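Single-structure report; data block below.
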Amino acid sequence: MRNKGLSFYKKKQKISQELLREIFSWIFGIALSVFLAAVVVIFLGKSTRVVGMSMEPTLENGQQIFIDRFLYVLSSPKAGDVVAFLPNGNENSHYYVKRVVAGPGDKVRIADGTLYVNGQESKWVTERILDAGIAENEIILGNKEYFCIGDNPNNSEDSRSANIGPVEEGDMIGKAWFHLKSGTDGIGFIK
């Protein structure tokens, strides 16, 4: 038997067509997924940060949230939704993030620290409200108008303020639906 010794010439292995197809299939799938995710976020979604303590304990100051801009194309906001809006459509303002407590046609009034919607105590604001603002007198919301208030109403500039008032549906950016981690809370859906 003859010893062949060291061989520096290795036989080249050919890559099969099937393996190449599989690799390109994966690359194409990943690229398509990234592209579609970018399109959805750019055109249908939006990201912003909460400014102030008006939504505590639900959302904290500086917490990043995601907004569904497409939902209100198909439907209208409803009581309990947390929405982002530009007060009076002011493009130079930051996004206000508040909870919808009443909608079109509803009667809103704050008396003795309690929020009443259509004569019933609101289930969305249970804390005693120290400043009734413009809601000291009954407000009847017009078509496509919403009364929005912070979950921390005594530290919130919202629909009670004369410079904001009822929020027009057209001024709403969308529904806040997801938040990222903050100091005390993990990531999750906004309730």
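Bear in mind that the values in this text are calculations on the coordinates, not laboratory data. No experiment lies behind these values; they were computed from the predicted model shown. Every residue, glycine among them, receives a Cβ derived from its backbone with ideal geometry; neighbour counts consider all protein chains shown.
Report summary: the helix-based calculation at 222 nm, which adds -39500 (n - 2.57) for every DSSP H run with n ≥ 4 and divides by the residues of the chain, gives -5500 deg cm²/dmol. Relative to the current alpha-carbon distance between K107 and E136, full extension at 0.36 nm per residue lengthens the span by 9.3 nm. In the range 26-145, a dipole from Cβ-located charges (positive for Lys and Arg, negative for Asp and Glu) runs towards its positive end, and of V51, L36, V97 it is L36 whose Cα lies farthest in that direction.
Counting Lys and Arg as +1 and Asp and Glu as -1 over every other residue whose Cβ lies under 13 Å from the Cβ of I110, the net charge comes to -3.
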